[in-house]
Structures are given as C-alpha cells and as structure tokens.
Amino acid sequence: MGGKLRHVLIFLLIILKEPNMPEAACRSKCGPHRCKCIRMGLTSIPQDLPTTIRYLMLNENLITSLSQSELMRYRNLRELHMLYNQIIDIQVASFSNIPNLDIIFLDHNSITGIHPGIFSNLQSLKYLILSFNQITYIQAGTFACLPNLKSLSLGNNKITNITPGTFSNLPKLTKLYLGSNQMTKIQRGTFSKLPKLSELQLQKNKITDIQFGTFSNLPKLTKLCLGSNQITDIQYHIHHHVCRPKKPKKQPFP
C-alpha cells in the first residue's frame, strides 16, 4: 500500500512540475534572436523567451490584448508579427520600451479604435500594418512622432471619417492604404504635411465628395486609387493621378 501511495505522489509531482504547455512549446521554437510560435493556443505573450530576440512571430493564436508590461522585457525586438489573433485592446505605450522596432503586423484582428500614445517612442518604426480589423475611428495625434514611418496600412476596416491632421508629421511616409473602408468624404487638410507620399489608396469606400485642393500639397504623389466609390466628377487636378486599370500585382504590405 505504501509503495502505491509513493508512486501516486511521484506522479502528481511530475504533473505539477510540467510547465505551461503552450508557453513551453513556444520557448522550444526560439533561437537567440528569433521566435516563431504559430498556432500554439497562446492567450498572452510568453514571458520566458530569450530577451535577446529580434524577431517574434505569434500569428494565429488567441491573444486578445497588448500591454507595456507584456512587451517590456523584449527591448531588442525589430519585428513583431501578430496576425490572426483576437486582439481587441492595445494599451497606451504598449511598445514604448522597444525603441528599435521596425515592423509591426497587427492585421486580421478585432481592433476597434486607435488613439494617441499607443505607438509612442517608436522612432525607428518603418512599417505599420493594421488592415483587416474593425477600426471605426482614429484619433488625431495617433501617428505623431513616427519620423521614419514609410508605409501605413489601414485598409479593410470600418473607418467612416478621418480628422484633418491625423497623418501630419510623417515626413517619410510614402505609402498610405485606406481602401475598403466606409468613408463618405475627404476633407481638405486630411493629407497635409506628407512631403514624400507617392501612393494613396482610397478605393472601395463610399466617397461622394472630395474637397478642392485635398491633394494639392502632395508633391510626390504619383498613384491615387479612387475606384469603386460614388464620385460623380473627378477634376483635372485629381484625374492625372488616378490609378489606371492593370493586372493585379501582389503588394508586400496590403
């Protein structure tokens, strides 16, 4: 009897010592600079990965929110991939302790709104992908202090209106994707202070009105996509930039 009890106790100790299975599985997928943890059932960002990692891929998990406390130990990150999770909430300053972050993929989640402070202190950020979410609003100042941002993807959301100045102070932005939203008009000043913007996608919205001079302060603009809207008149100053139908080309950051 005593021998059986001893075996049972040993078995229970082994079970209790087993680490959290999803996090342990994620840790096993890591090298010193790279972790790739796809479809592992993670509900939060693991806290026992190497602090030296530069590339973290957590696609297709069950993560619902992001906070500063979860990310602060990974100060060396350059790329963060979190596609196809269930993220609803991103807390203010979530990325503020990752100053060298270059790329953030947050597409195909359930984010409903973004506001100032979320992307603070990201002086190196070049690509921010927020497409295929449920975003309905963007507060002015949300993208302030992103001096090196080159590409911003907000397509396939539910954005109805953009306050003029929302995209101000993005001196290196070259591509802005706003297609497949629910905007009805574009106000003058919406795209001011974007000296390097060369491509602007606004197709598949509900736009009926574009105020005169809306695109006049975009000296580098060469591609303006306005198809599948409800615009009845395209003036000459807009017409010579409009996208021409052509064979679809795969884009690196839709």
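If R0 is taken as 51 Å, the Cβ-Cβ distance between Asn121 and Gln230 corresponds to a FRET efficiency of 0.80.
For the stretch 22-158, the square roots a ≥ b ≥ c of the C-alpha gyration tensor eigenvalues yield an a/c of 1.5 or more together with a/b not exceeding b/c, which makes the shape oblate. Rg/Rh for the stretch 162-245 stands at 0.92; both radii use Cα atoms, and Rh follows the Kirkwood definition.
Simple spin-label estimate for Glu60 and Asn97 gives 3.0 nm between the two label positions (7 Å along the Cα-to-Cβ direction from each Cα). Give me the distance in nm between label points sitting 7 Å out from Cα along the Cα-to-Cβ direction at Met72 and His33, one decimal. According to this spin-label approximation, the distance is 2.7 nm. Along the stretch 67-80 the Karplus relation, 6.51 cos²θ - 1.76 cosθ + 1.60 evaluated at θ = phi - 60°, assigns HN-Hα couplings of 9, 4, 5, 6, 9, 5, 6, 9, 5, 8, 4, 10, 9, 10 Hz to successive residues, with x for each Gly and Pro.
None of the figures in this text is laboratory data; all of them are computed from the coordinates on show. These numbers come from a predicted model, not from an experiment. A quick note on method: Cβ atoms are made from the backbone with ideal geometry, for glycine too, and the neighbour counts reach across all protein chains shown.
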